[in-house]
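Below is one structure, written out as structure tokens; comments come after it.
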Amino acid sequence: ASKEMELYIALGDKDGILPAGENRSDEIYWIRRPTQEEFSCTCNDFWWGLNSVAKGLWRKELPYVMDRLDFHMRPLLRRLLEWKIGMEQNFSVSAGKSGEYMSRYLDPQVYNSYLCTWSPARLPELWSAVWEMCRLFETTAQEVGGRMGFTYNSEEAESSRNYLARVQ
């Protein structure tokens, strides 16, 4: 079966055109174990991307900030949280499209923290959401990095947070 047909249940096949064996495994969607390079690049992209968010907040360019958070920063955080889930579930589960199943696997406090990274497009709430994102990313990166034996650049994270604090 093609990759697009890997998860299906035939409700009817009167012409017999579907492959005979139905594969109901979601294994192709399971979270994959990261490499040191993937981990480092994800952390680096997050902390350096924070500089753009800080500048946008300082300039009060809220559509820009929302775009950076939603389409650049949050996917990096979600990837890290997925690695945490994978690590805790022996890399044998899927977090779902856009992380829809994360609530099944994350501690409720961690999941709530993730939800708090969304905010209305208002400066005070955006600052709070960004700081929450930083806290959650840092905590998760330290945990994932430590348990998987990866090097985590805490100086880079600290420098980015210090810059964010100066801008605020």
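The values are calculated or read from the model by the stated rules, or taken from the named source; none is laboratory data. As the structure is a prediction and not an experimental result, all values here were calculated from the model. Neighbour counts are summed over all protein chains in view; Cβ atoms, including those assigned to glycine, are modelled from backbone coordinates with ideal geometry. Heavy atoms of the whole protein, side chains included, go into the accessibility calculation; ligands, DNA and RNA do not. Shrake-Rupley method; radii C 1.70, N 1.55, O 1.52, S 1.80 Å.
Within 10 Å of each candidate Cβ there may be at most 13 other Cβ atoms; applying that plus a DSSP loop requirement, which trypsin sites (Lys or Arg not before Pro) in the stretch 64-168 survive?
ARG122
ASN44 versus CYS116, label points 7 Å from Cα toward the beta carbon: distance in nm?
Once both label points are built, they end up 3.1 nm from each other.
Pairs of alpha-carbon atoms within less than 8 angstrom and 6+ residues apart define the contacts here; what relative contact order does the stretch 50-150 have, in percent?
This gives 27 percent for the stretch 50-150.
If the elastic network links every pair of Cα atoms under 10 Å, which of ALA141, ALA121, ALA157 fluctuates the most in the Gaussian network model of the chain?
Comparing ALA141, ALA121, ALA157 in a Gaussian network model of the chain, the most mobile one is ALA121.
Once you have the Kirkwood Rh of the stretch 45-128 from its Cα pairs, apply Stokes-Einstein at 20 °C and 1.002 mPa s and quote D in µm²/s.
155 µm²/s
Given the chain, what count of lysine pairs have C-alpha atoms under 29 Å apart, with each pair 8 or more places apart or on different chains?
Within the chain, the lysine pair count is 4.
How long is the gain from ASP13 to VAL167 if the chain were fully straight, where each residue apart is worth 0.36 nm and the alpha carbon distance is subtracted?
49.3 nm
Could you give the nm distance between label points at ASN51 and HIS72, where each point is 7 Å from its Cα heading toward the beta carbon?
1.1 nm
What share of all Cα pairs of the stretch 77-168, in percent, falls into each consecutive 5 Å distance bin?
Each 5 Å bin holds this share of Cα pairs: 3, 13, 21, 22, 19, 13, 7, 2, 0.
Rounded to the nearest angstrom and ordered from largest down, what semi-axes does the equivalent ellipsoid of the chain get from its C-alpha gyration tensor (root of 5λ)?
After scaling each eigenvalue by five and taking roots: 36, 19, 13 Å.
Evaluate E = 1/(1 + (r/R0)^6) for LYS60 and GLU88, where r is the Cβ-Cβ distance and R0 equals 41 Å; express this FRET efficiency to the nearest 0.05.
Step by step, r from the Cβ atoms, then E = 0.55.
May I ask you to give the solvent-accessible area per residue for the chain, in square angstrom, as obtained with a 1.4 angstrom probe?
That works out to 58 Å² for each residue.
Carbon and sulfur together cover what percent of the accessible area of the chain at a 1.4 Å probe radius?
Carbon and sulfur: 50 percent of the exposed surface of the chain.
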